[in-house]
Amino acid sequence: MIETIGVLGGGSWGTALALVASRAGRKVRLWARDHDTVSAIDETHENPRYLPGIRLDHIPATGNIGAALRADAVLLAVPAQSVRAVATIAAPYIAEGHPLVICAKGLERGTAKRMSEVVAEVAPGAAVAVLSGPSFATDVAAGLPTAVTIAADNEPLALSLCHALGGGTFRPYAETDLIGVEIGGAVKNVLAIAAGVVDGRGLGASALAALTARGFAELRRLGEALGAKPETLMGLSGLGDLVLTCSSTQSRNFAYGRMLGEGLPLDAPHPLVEGIATATVTRDLARRHRISMPIVDAVVGILSGKATVDATIENLMSRPLKRESA
């Protein structure tokens, strides 16, 4: 039975998931690196920097990671490129078989590892699971209806975590295909940047729909080459998450792409965009497996400054004609 949950990460996603666990009747403790975030949560029962106006009653915060890890299960809700560092700090406190749920979406820069592979490397005793799917932190925190996927190699663990977090407006589904869930969550961030570029350039709804569909074809090709199940990629953590992030400025990746499409420079101020780091890793993985991913290639070209938005669009539209399923 999972009765207590620790959440590592005091940003919007970690805070929203702490609310999910609390609403499901679990005792929750939220760890944040930032002292001001800890103080604000404990003194005002809000996280004014990330989720202003959302009450966090019965959710204490701490800057002591060991205190947060004294729980039946832990949710790791830090940015993807910080997963290795935080999991390494947490590892000494994680007992053999202790459930650790990764809630970040990305591929590690430099190693091309999925987040579950990173955690298995630095915290080998943890029972790793992954939470992913179409979900904005603000929607989840506001209690709006949301469905996600929780994946683990051990199906009973995935089901146990679903029961621990599910209830009310938050509905998790269990899965055992870690590869499919993680690849879907990572690659959709890159494709959302491309979708934002299309929107920001004012290319129209038809172009955006085509980009999303062809982007999914690329995601599916790579996922299947890495061992993902097609039905997982068609589910919440694949197609579902892609549709969400390719259609809303609530997505940081989409919003950043839109900024680029409007002509703002690459170094313009922007919030954390996971797809920037994941883009090159995804391209390199595709090349390694001889998978064609022209949209991902295009995003890498734009982000590297080697190609303009207009030239990239022209190149994509002038590619040789072929069968859609090819």
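Here are the numbers:
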| item | result |
| --- | --- |
| Hits in region 28-54 (condition: without any contact (Cβ under 8 Å) to a residue 40 or more places away in the chain and over 17 Å from Ala141 (Cβ atoms)) | Trp31, Arg33, Asp34, His35, Asp36, Val38, Ser39, Asp42, Glu43 |
| Cβ pairs under 8 Å, 6+ apart, first in region 250-273 and touching a residue at least 24 places away in the same chain (Cβ under 8 Å) and hydroxyl-bearing (Ser, Thr, Tyr), second surrounded by 13 or more Cβ atoms within 10 Å (Cβ to Cβ) and in a loop (DSSP other than H, G, I, E, B) | Ser251/Phe136; Tyr256/His270; Tyr256/Val273 |
| Verdict on Ala95 being over 23 Å from Leu244 (Cβ atoms), free of Cβ contacts under 8 Å to residues at least 40 places away in the same chain, touching a helix residue (DSSP H, G or I) at 6+ places or on another chain (Cβ under 6 Å) and surrounded by fewer than 19 Cβ atoms within 10 Å (Cβ to Cβ) | no |
| One residue from Leu264, Leu260, Leu321 being open to solvent by less than 50 Å² (accessible area, probe 1.4 Å), of a type outside the set (Gly, Ala, Ser) and more than 19 Å from Leu219 (Cα to Cα) | Leu260 |
| Which listed residue, of Ala61, Ala68, is closer than 19 Å to Glu3 by Cα, modelled with pLDDT of 95 or more and touching a helix residue (DSSP H, G or I) at 6+ places or on another chain (Cβ under 6 Å) | Ala61 |
| Residue check, Gly14 closer than 21 Å to Gly125 by Cα and in a helix (DSSP H, G or I) | no |
| Matching entry among Asn315, Asn253 (being open to solvent by 70 Å² or more (accessible area, probe 1.4 Å), of a type outside the set (Lys, Arg), within 21 Å of Val198 (Cβ to Cβ) and part of a helix (DSSP H, G or I)) | Asn315 |
| Among the candidates Ile179, Ile150, Ile183, Ile193, residue that is hydrophobic (A, V, I, L, M, F, W, C) and surrounded by fewer than 24 Cβ atoms within 10 Å (Cβ to Cβ) | Ile179 |
| Top-ranked residue of region 1-57 - restricted to ones that are touching a His at 6+ places or on another chain (Cβ under 7 Å) and open to solvent by less than 50 Å² (accessible area, probe 1.4 Å), ranked as nearest to Ser132 (Cα to Cα) | Ser22 |
| Among (1) small (Gly, Ala, Ser); (2) outside any helix (DSSP H, G or I); (3) within 20 Å of Ser12 (Cα to Cα) - the single one Ala268 does not satisfy | (3) |
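The values are calculated or read from the model by the stated rules, or taken from the named source; none is laboratory data. It should be emphasised that the depicted structure is a prediction, and the values quoted were computed from it without experimental measurement. Reconstructed Cβ throughout: ideal geometry from the backbone, glycine too, with neighbour counts over all protein chains shown. These area figures cover heavy atoms from the full protein model, side chains too; ligands, DNA and RNA do not enter into them. Shrake-Rupley method; radii C 1.70, N 1.55, O 1.52, S 1.80 Å.
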